[in-house]
There are 2 protein chains.
Amino acid sequence: MAITIYDVAREANVSMATVSRVVNGNQNVKPATRKKVLDCIERLGYRPNAVARGLASKKTTTIGVIVPDISKSFYSELSRGIADVATMYEYNMILSNSDESTDREVELIEDHLGKQVDGLIFMSDSISDEVRAGMSTANVPIVLAGTLDVEKQLATVNIDYEEAAYVAVNKLIRNGHTKIVFVSGPFTRDINRISKKVGYMRALQDADIPVDEQFVIEMEDTYDGAYEGWKQIRELQGQPTAIIAGSDAIAVGLLNGIRDGGLSVPEDYELICFEHSILARVVRPQLTSIVVPLYDLGAVSMRLLTKLMNGEEVEEQQVILPFRLEERKSMK
Amino acid sequence: MAITIYDVAREANVSMATVSRVVNGNQNVKPATRKKVLDCIERLGYRPNAVARGLASKKTTTIGVIVPDISKSFYSELSRGIADVATMYEYNMILSNSDESTDREVELIEDHLGKQVDGLIFMSDSISDEVRAGMSTANVPIVLAGTLDVEKQLATVNIDYEEAAYVAVNKLIRNGHTKIVFVSGPFTRDINRISKKVGYMRALQDADIPVDEQFVIEMEDTYDGAYEGWKQIRELQGQPTAIIAGSDAIAVGLLNGIRDGGLSVPEDYELICFEHSILARVVRPQLTSIVVPLYDLGAVSMRLLTKLMNGEEVEEQQVILPFRLEERKSMK
DNA sequence: GTGAAAGCGCTAACAC
DNA sequence: GTGTTAGCGCTTTCAC
């Protein structure tokens with residue numbers, strides 16, 4: 001049996017209320033008493049039971065984080081940002097993987113709420129109605145990190161992906177390209193379908209370049225998928241000369257496909273992509289990319305969540321972070 | 001105020017004990033009663049409070065995971081393995097980053113134990129005395145994942161890194177090399193100092209190749225560190241012709257250093273490394289490597305932890321998983 | 001400045 | 001098969 005607050009109280013000849021005050025830093029304790037209690041705590045090796053505390057106080061100082069797959073660098077970077085801010089505010093984090101399954105997502109939300117998390121950070125490709133319904137039963141705040149809410153009702157933290165795509169495509173256009181292929185991850189991901197693709201099209205339209213639907217190619221967002229997927233681009237009519245890739249995994253897959261096929265970047269194709277993880281830097285040529293501030297996305301999401309949990313007034317629930325363009329060698 | 005078991009009991013005209021039985025799948029409930037209770041649960045939107053349950057049952061179905069840095073692929077892969085098995089056994093996981101700081105590690109252990117985790121999985125470069133002391137106060141099982149215990153007292157799951165290094169170096173030797181450089185991550189990491197380095201030396205000794213201490217180079221375990229660190233190797237006396245790298249981040253850093261310096265792999269240097277993450281596959285030439293089964297390391301650690309938590313008899317607390325050698329193009 | 005006592009929402013005997 | 005009741009280890013009034 002572990003040491004309880006009661007054991008400490010008996011040992012120190014005070015009531016458990018006083019021990020509780022000492023443990024919680026309440027000032028209404030005579031210094032001498034405080035010292036006596038602290039000594040007993042030390043001597044007995046008392047460790048407050050956070051579960052009991054959680055039940056009594058209705059706060060667990062724990063937040064939930066639901067992520068598609070923590071082994072993907074996109075989410076592990078983001079999670080690190082969340083974790084650091086969580087630590088700063090003395091929250092622990094329960095982390096779960098959903099694999100993008102709606103059923104699993106709903107289950108996990110229910111599960112985390114049952115564990116009485118004080119708040120929830122959720123990431124996914126898209127918010128299904130079921131998930132939305134699950135969230136609506138929550139009595140704690142929820143923030144979407146790096147995840148769009150098409151209804152714009154939930155708190156979110158993102159960059160302006162549409163603008164980023166616009167900027168990237170525009171850069172290709174200014175380099176003289178008119179035949180620009182957009183290689184996207186799955187359109188089941190809102191960010192791909194709603195933001196990046198739209199930014200791509202808008203950039204073309206603003207430059208009076210006709211949009212060729214076959215130049216929009218959807219594929220799995222993985223290195224291997226893109227390496228294989230390269231064949232689709234090679235066989236495209238219309239001789240494209242530039243590519244914007246939805247992620248650096250895709251970009252690197254294409255790059256290796258291009259080179260293993262005897263062509264080269266940026267001579268035969270100029271290439272620009274999103275993300276700029278380590279992948280974009282280890283390949284030659286290094287990839288010119290839109291840098292998505294993943295860590296910050298996480299950190300700001302958690303910061304927003306703390307405000308919401310504290311009931312603070314938040315002027316804007318839809319936070320947009322800046323992105324930047326990192327120029328390397330995959331464009332001339 | 002949330003719906004409690006008591007509300008459901010009143011609504012269904014049964015006692016809270018019966019509701020508890022239904023919720024917990026206890027068979028001693030008449031089907032009709034069960035249905036009635038289930039209906040009320042559904043209707044009221046009752047969600048069991050896991051905190052209250054944890055306090056009453058002294059089990060939280062939550063484990064703690066303490067990791068140096070979740071944003072490093074090594075740990076995020078491993079954590080995914082842990083998470084999947086945890087899900088299988090219906091545990092949640094509280095995940096925290098220690099950044100290898102002993103103080104932080106001790107704090108986190110204390111913190112997790114305070115949250116009443118049912119078990120703990122710990123990862124670090126090395127187990128300090130303070131951490132060992134913190135662990136000794138735990139009344140729940142602890143497993144070290146991908147982390148050595150030099151005292152061999154704690155439960156651990158690893159591969160035989162020494163043997164792996166031996167195999168790798170041996171492969172270089174059989175290709176005719178005698179001047180083999182070992183580029184290691186920090187020797188503050190037990191696995192580097194105690195296992196890999198020893199395997200390297202043993203392979204040389206078994207082949208009657210004299211060990212040249214300057215051929216053992218310690219550097220930061222990062223791409224950028226190794227890219228810079230390449231200079232040290234270039235300036236080495238004795239003309240080494242082969243390199244074994246402690247990780248693929250190091251290997252890729254060296255590879256790019258070598259190539260940006262006008263030399264090439266495997267012509268000027270043959271190269272072999274540990275890990276084989278995506279990095280090893282996107283570079284050209286692809287890297288021949290020892291594959292460390294990170295996911296499995298995590299999964300098996302969690303499986304072991306479940307056994308320990310159940311009080312099951314475990315024949316061997318020091319689990320060794322197999323590794324394999326993946327032959328690609330950085331060796332002839 | 002300190003103590004007594006009533007919960008927090010559940011589980012787990014034990015009784016019937 | 002179901003109900004009663006005593007905790008689990010704290011926080012939090014409310015007295016004193």
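The values are calculated or read from the model by the stated rules, or taken from the named source; none is laboratory data. Everything numeric here is computed off the predicted structure, so don't read it as measured data. Quick reminder, even Gly has a Cβ in these numbers, built from the backbone with ideal geometry, and neighbours come from all protein chains shown.
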Self-check item: So A:Gly253, is it free of Cβ contacts under 8 Å to residues at least 60 places away in the same chain, within 14 Å of chain B (Cβ to nearest Cβ) and surrounded by 20 or more Cβ atoms within 10 Å (Cβ to Cβ)
Solution: yes
Quiz item: Within the stretch B:1-11, which residues are in a loop (DSSP other than H, G, I, E, B) and at pLDDT 90 or above?
Solution: B:Ile3, B:Thr4
Practice problem: Scan the stretch A:109-123 for residues that are at the interface with chain B (Cβ under 10 Å from one of its Cβ atoms) and in a helix (DSSP H, G or I) and jot them down. | Solution: A:Glu110, A:Asp111, A:His112, A:Leu113, A:Gly114
Practice problem: Select from the stretch B:17-32 the residues that are outside any loop (DSSP other than H, G, I, E, B) and near DNA strand D (Cβ under 7 Å from one of its atoms) and list them in ascending order. | Solution: B:Ala17, B:Thr18, B:Arg21, B:Ala32
Quiz prompt | Unique residue being part of a loop (DSSP other than H, G, I, E, B), within 16 Å of DNA strand C (Cβ to nearest atom) and over 21 Å from B:Ile63 (Cα atoms) when the list is A:Val37, A:Val14 | solution = A:Val14
Practice problem: Within the stretch A:197-214, identify whether any single residue is buried (at least 24 other Cβ atoms within 10 Å of the Cβ), hydroxyl-bearing (Ser, Thr, Tyr), over 18 Å from A:Lys332 (Cα atoms) and not assigned by TED's automatic domain parsing to the domain that holds A:Leu148, and answer yes or no. | Solution: yes
Exercise. Test each condition in (1) assigned by TED's automatic domain parsing to the domain that holds B:Leu148; (2) in contact (Cβ under 8 Å) with a residue 24 or more places away in the chain for B:Met88 and report the one that comes out false.
Key: (2)
Exercise. Out of B:Gly225, B:Gly238, report the one residue that is surrounded by fewer than 20 Cβ atoms within 10 Å (Cβ to Cβ) and touching a residue at least 40 places away in the same chain (Cβ under 8 Å).
Key: B:Gly238
Practice problem: Would you mind telling me which numbered condition in (1) more than 10 Å from chain B (Cβ to nearest Cβ); (2) within 18 Å of the chain's Cα centre (by Cα); (3) over 29 Å from A:Ser247 (Cβ atoms) A:Asn92 fails? | Solution: (1)
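Just to check your reading of the model, which residue among A:Val51, A:Val106 is touching a helix residue (DSSP H, G or I) at 6+ places or on another chain (Cβ under 6 Å), assigned to a helix (DSSP H, G or I), β-branched (Val, Ile, Thr) and away from DNA strand D (no atom under 16 Å from the Cβ)?
Details: A:Val51 fails: away from DNA strand D (no atom under 16 Å from the Cβ).
It is A:Val106.
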Quiz prompt | Only listed residue being in contact with a strand residue (DSSP E or B) (Cβ under 7 Å, 6 or more places away or on another chain) and among the polar types (S, T, N, Q), chosen from B:Ser98, B:Ser73, B:Ser20, B:Ser57 | solution = B:Ser98
Quiz prompt | Qualifying residue in the stretch B:34-43 (condition: away from DNA strand D (no atom under 16 Å from the Cβ) and surrounded by fewer than 16 Cβ atoms within 10 Å (Cβ to Cβ)) | solution = yes
Quiz item: In the stretch A:57-77, how many residues are more than 9 Å from every other protein chain (Cβ to nearest Cβ) and among the aliphatic types (A, V, I, L, M)?
Solution: 3
